[in-house]
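Just below is one structure, and these are the notes that go with it.
The values are calculated or read from the model by the stated rules, or taken from the named source; none is laboratory data. No experiment lies behind these values; they were computed from the predicted model shown. Every residue, glycine among them, receives a Cβ derived from its backbone with ideal geometry; neighbour counts consider all protein chains shown. For the accessible areas, the whole protein counts, side chains as well, though only heavy atoms, and no ligand, DNA or RNA atoms are used. Shrake-Rupley method; radii C 1.70, N 1.55, O 1.52, S 1.80 Å.
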Amino acid sequence: QVQLVESGGGSVQPGGSLKLSCAASGLDLDAYAIGWFRQAPGERREGVSCITMSSGDGVYAPFVKGRFTVSADNARDTVFLQMNSLKLEDTAVYYCAATRGGCTFYSETHFFPLEYEYDFWGQGTQVTVSA
């Protein structure tokens, strides 16, 4: 049974940091791409970052590039999203998701896999940035 479990969310002031974790089970993660998405109240879910597990290469949405870093501990089947310099607009529920393959840009601002291409999703973890 495949399971993705996010943790590490919480409340932080603007400029602060949080590190999210996505623990996977039931998958051979080396064959997968792990995406991070977020959804703010009343907004559609958007892609934040993606890591190709076989290479460790990550891609980022422009609104988080330079502030967020995706990484993986393959031995522990865990993917991390280090979030620095958090802004009010980063407030959202953050989800990790898994699908076979890798991550790649198809435009200057958007990357594959697309949201509908992901096969497995976690339950989400709340990140709140407030003064």
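Observations on the structure shown:
- Residues of the range 42-66 classified as open to solvent by 30 Å² or more (accessible area, probe 1.4 Å) and not in a strand (DSSP E or B), total: 11
- Checking each residue in the range 1-41 for being within 12 Å of Asp90 (Cβ to Cβ), in a loop (DSSP other than H, G, I, E, B) and either among the hydrophobic types (A, V, I, L, M, F, W, C) or open to solvent by less than 50 Å² (accessible area, probe 1.4 Å) (or both) picks out Gly9, Gly16, Ala40.
- All positions within the range 79-131 that are part of a strand (DSSP E or B), β-branched (Val, Ile, Thr), surrounded by fewer than 19 Cβ atoms within 10 Å (Cβ to Cβ) and at pLDDT 95 or above: Val93, Thr128
- The lone criterion from (1) surrounded by fewer than 20 Cβ atoms within 10 Å (Cβ to Cβ); (2) without any contact (Cβ under 8 Å) to a residue 60 or more places away in the chain; (3) within 27 Å of Val129 (Cα to Cα) left unmet by Asn74 is number (3).
- For the range 67-78, a residue qualifies if it is assigned to a loop (DSSP other than H, G, I, E, B) and of a type in the set (Asp, Glu), and exactly one does: Asp77.
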